[in-house]
1. With (1) assigned to a loop (DSSP other than H, G, I, E, B); (2) under 16 Å from D3 (Cβ atoms); (3) not aliphatic (A, V, I, L, M) as the list, and T64 as the residue in question, which single condition is left unmet?
2. Given the conditions (1) surrounded by fewer than 17 Cβ atoms within 10 Å (Cβ to Cβ); (2) farther than 19 Å from N40 by Cα, and given that M125 satisfies all but one, which numbered condition is not satisfied?
3. Take the conditions free of Cβ contacts under 8 Å to residues at least 40 places away in the same chain, open to solvent by less than 90 Å² (accessible area, probe 1.4 Å) and acidic (D, E) and apply them to D91. Does it pass?
4. If the requirement is being out of contact with any Leu (no Cβ under 7 Å at 6 or more places or on another chain) and assigned to a loop (DSSP other than H, G, I, E, B), which of these qualifies: N89, N110?
5. When the residues of region 1-56 are filtered to those that are aromatic (F, W, Y) and touching a Phe, Trp or Tyr at 6+ places or on another chain (Cβ under 9 Å), which remaining residue is farthest from E104 (Cα to Cα)?
6. Failed condition for I105, given (1) out of contact with any helix residue (DSSP H, G or I) (no Cβ under 7 Å at 6 or more places or on another chain); (2) among the β-branched types (V, I, T); (3) open to solvent by less than 30 Å² (accessible area, probe 1.4 Å), with all others met?
7. Limited to region 1-59, what total is found for residues that are more than 14 Å from the chain's Cα centre (by Cα) and under 23 Å from D115 (Cβ atoms)?
Amino acid sequence: MTDISKFLSNVEKSKKMDRQKNSGSYDYNRIADNLRRLFNNATSCPTELPDTLFGYWQDTYILTSANITEEPSQENLNKLAAILAFLDNSDEFQDQLSQDDWQEIGELVNDEAEDLPIDILQDLMKILVEKGAY
């Protein structure tokens, strides 16, 4: 099982536990902090960038949802997995992100570039150039 598959599995477990604790009812708001923690722990990327990218994903795809209690949908979860893959220099799920996503991710990486180790920054920038973020 890849790290991303393990992350996705852990998210499903978290959703299942929330349903069990709440009479079969699920609500994203109850698992949001746990999901953020799972995401941050799943990546090897240091600094605040993972948390920043999680915030972008949540603001863009979850908090704008018409039915937030059902989030994250599989589609939106796949987008988060793509961001995780990006942070870990993997090409898994990366087709899930739009050109707008890549451009926003590029801006967020630029904002935090000075805090990133040079080897990680180079890997991220290479992907961003390949994806047309710049």
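The values are calculated or read from the model by the stated rules, or taken from the named source; none is laboratory data. Since the model is a prediction, treat every value here as computed from it, not as a measurement. Positions of Cβ are backbone-derived with ideal geometry, glycine not excepted, and every protein chain shown enters the neighbour counts. For accessibility, only protein heavy atoms count, side chains too; no ligands or nucleic acids. Shrake-Rupley method; radii C 1.70, N 1.55, O 1.52, S 1.80 Å.
1. (2)
2. Status for M125: all satisfied but (1).
3. Working: free of Cβ contacts under 8 Å to residues at least 40 places away in the same chain: yes; open to solvent by less than 90 Å² (accessible area, probe 1.4 Å): no; acidic (D, E): yes.
For D91, the condition - free of Cβ contacts under 8 Å to residues at least 40 places away in the same chain, open to solvent by less than 90 Å² (accessible area, probe 1.4 Å) and acidic (D, E) - is not met.
4. On the way: N110 fails: assigned to a loop (DSSP other than H, G, I, E, B).
N89 is the lone residue from the list that is out of contact with any Leu (no Cβ under 7 Å at 6 or more places or on another chain) and assigned to a loop (DSSP other than H, G, I, E, B).
5. Initial filter on region 1-56 (aromatic (F, W, Y)): 7, 26, 28, 39, 54, 56.
Filter again for touching a Phe, Trp or Tyr at 6+ places or on another chain (Cβ under 9 Å), leaving 7, 39, 54.
Values: F7: 23, F39: 19, F54: 12 Å.
Top of the filtered list is F7.
6. For I105, the failing item is (1).
7. 2
Yes/no per residue for (1) open to solvent by 70 Å² or more (accessible area, probe 1.4 Å); (2) part of a helix (DSSP H, G or I); (3) closer than 14 Å to A82 by Cα:
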| residue | (1), (2), (3) |
| --- | --- |
| Q20 | yes, yes, no |
| S23 | yes, no, no |
| Y26 | no, no, no |
| N29 | yes, yes, no |
| N34 | no, yes, no |
| F39 | no, yes, yes |
| P46 | no, no, no |
| L53 | no, yes, yes |
| Y56 | no, yes, yes |
